[in-house]
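The values are calculated or read from the model by the stated rules, or taken from the named source; none is laboratory data. From a predicted model like this one, the values you see are computed outputs, not experimental measurements. Please note: Cβ atoms are built from the backbone with ideal geometry, for glycine as well, and neighbour counts cover all protein chains shown. For accessibility, only protein heavy atoms count, side chains too; no ligands or nucleic acids. Shrake-Rupley method; radii C 1.70, N 1.55, O 1.52, S 1.80 Å.
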Amino acid sequence: MSETFQRGGGPAVTYDEQLVPAGARGAVQSRSGEGTTTVMLAARGLEPNRVYGAHVHTEPCGDEPDAAGPHFQYAPDPVQPSVDPTFANAQNEIWLDLTTDETGAGSAESTVAWTFPPDRRPRSVVIHTDPTSSEPGRAGDAGGRVACISADF
């Protein structure tokens, strides 16, 4: 599914038009089977030569950045927001940090050793301002939410 980022709602929303201009494009694909899940994120038209954090989130995109809820975690952290590296890590969440080239295009792929539970499916991928931290007390933090793509996982 490929979508165009726009202001004010829709399947792909920009919250910061300097970093993700309206008209930029994003695509999310996923596949699950045999105990693994792979998610791919591709974007073009973003700010060139920049590293963005990106993660799979629990809720669909909305008018406000927080609408997408927290990161999807296979084993949910009982303490929210989750910054404990025991839960906020690239094996329990899906991290898709990407680096754009000189044209503003970039992509990322993540494979985890689990499949989405049928009763708990994520609903979006959120692009953040900064690369994802893995430090205790900041684990999973990637700064502000600059864009979101709703996805059917």
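For region 20-64, how many residues are surrounded by 23 or more Cβ atoms within 10 Å (Cβ to Cβ), touching a Ser or Thr at 6+ places or on another chain (Cβ under 6 Å) and either modelled with pLDDT under 95 or hydroxyl-bearing (Ser, Thr, Tyr) (or both)?
The total comes to 0.
Here Ser107 meets each of (1) small (Gly, Ala, Ser); (2) open to solvent by less than 60 Å² (accessible area, probe 1.4 Å); (3) part of a strand (DSSP E or B) with one exception, condition (2). Residue selection: Asn92 fails the criterion of being in contact with an Asp or Glu (Cβ under 9 Å, 6 or more places away or on another chain) and surrounded by fewer than 16 Cβ atoms within 10 Å (Cβ to Cβ). Give region 33-66 a look and list any residue that's out of contact with any Leu (no Cβ under 9 Å at 6 or more places or on another chain), farther than 15 Å from Thr129 by Cα and outside any loop (DSSP other than H, G, I, E, B), or say none. Scanning region 33-66 gives Gly33, Thr36, Thr37, Thr38, Arg44, His57.
Taking region 110-123, which residues are under 24 Å from Arg7 (Cβ atoms) and either out of contact with any Phe, Trp or Tyr (no Cβ under 9 Å at 6 or more places or on another chain) or open to solvent by 10 Å² or more (accessible area, probe 1.4 Å) (or both)? Arg123, the sole residue that qualifies. Restricting region 1-32 to residues that are basic (Lys, Arg) and part of a strand (DSSP E or B), the residue that is farthest from Gly62 (Cα to Cα) is Arg31. Of the candidates Asp101, Asp141, Asp130, the single residue that is open to solvent by 30 Å² or more (accessible area, probe 1.4 Å), modelled with pLDDT under 95 and in a loop (DSSP other than H, G, I, E, B) is Asp141.
Given (1) among the aromatic types (Phe, Trp, Tyr); (2) open to solvent by 50 Å² or more (accessible area, probe 1.4 Å); (3) over 28 Å from Pro118 (Cα atoms), identify the lone condition not met by Tyr74. Every listed condition holds for Tyr74 apart from (3).
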